[in-house]
């Protein structure tokens, strides 16, 4: 009888119920909310399902991301996360994005680069905000990239600047805001634009030749990487993926990069990022500051893009719909879809998606360039 009692006692004490804190239960509840948003509301489920499930797993079984020791091989998701720290997964994500994305709208309307650049204002606002909150320069730079709504670049820069202790909160904040673009952006866009602005119809973009499409990734790679060589892993992979898409002679590589490889990398990256959100690591003042700064940065970036869109509307005598400026953040193609949706609410016949894709692609390039600038400032080679 004593053996049975001891066995049952051991089993009970091995359950998660006996080892979880209130913080773990809170994070499990947050994970369930994220799963609801991803599955029921369709808020970027490709990212949010993995992040939320990783969050769920680590708060039930923290050792799933434990580092290896002399007596243990480490947790499964620890090895996934190492690929984040080594900047492998972010670079592969960029290759997939390049293979999936049509750069034609940006080539047809080069002024979109200005809107993409304007949206980077949020990054610098967050940088100085982080400095004011007591973060050192490198930590502030890593945190500020959240303003570009670009998860891979956030992870890449945090790794390069040696901010691995902040990488989990930074990555979760960046990917969460990417997923919540349809919630966060519309109120800001409507605040800055009038109903009349949102109804502006833009003329059809000019056709882009195949030669232009092939030359664009090559020329951008040469120019950007010659000026900021440290951006080569991101910009280079983005442009390589797009060259796969546009050159027409490596269709199998384009299909692999944009489908199978992309989805494999998303699974590894999203679950490992979610697994950094254990209650012990996530529920602290520093993390709350990072989340708040990320939201401020993203809001400022969206607003700056829309304001610059207003300036372009004035400069072109009403030919530019300012809504496309908010797509200058790096969340591609989500931000462009939001511009389309908000414009269609004002006028169902208005089609802004392709016009918004120009600033959206420019935002991806712009955020990578800003990351390169920060690496240059802090002497990272």
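The values are calculated or read from the model by the stated rules, or taken from the named source; none is laboratory data. In this text, all values refer to a predicted model and were calculated from it rather than measured experimentally. Here Cβ is always computed from backbone atoms with ideal geometry, including for glycine, and neighbour counts include all displayed protein chains.
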Number of positions in segment 185-201 that are surrounded by fewer than 19 Cβ atoms within 10 Å (Cβ to Cβ) and either touching a helix residue (DSSP H, G or I) at 6+ places or on another chain (Cβ under 8 Å) or closer than 30 Å to residue 51 by Cβ (or both): 7
Hey, residue 139 part of a helix (DSSP H, G or I), within 30 Å of residue 210 (Cβ to Cβ) and touching a residue at least 24 places away in the same chain (Cβ under 8 Å) or not: no
Within segment 266-307, tally of residues that are in a helix (DSSP H, G or I), in contact (Cβ under 8 Å) with a residue 60 or more places away in the chain and surrounded by fewer than 22 Cβ atoms within 10 Å (Cβ to Cβ): 15
Close pairs from segment 162-186: first at positive phi, partner at pLDDT 80 or above, Cβ under 8 Å, at least 6 apart: 162/138
Residue that is nearest to residue 258 (Cα to Cα), among those in segment 308-333 that are assigned to a helix (DSSP H, G or I) and free of Cβ contacts under 8 Å to residues at least 12 places away in the same chain: 311
Options 310, 340; residue that is under 23 Å from residue 123 (Cβ atoms) and in contact with a helix residue (DSSP H, G or I) (Cβ under 6 Å, 6 or more places away or on another chain): 310
Test: residue 214 is in contact with a helix residue (DSSP H, G or I) (Cβ under 9 Å, 6 or more places away or on another chain), closer than 28 Å to residue 299 by Cβ, assigned to a helix (DSSP H, G or I) and in contact (Cβ under 8 Å) with a residue 12 or more places away in the chain: no
Segment 122-158, subset modelled with pLDDT of 90 or more and closer than 30 Å to residue 205 by Cα, residue nearest to the chain's Cα centre (by Cα): 153
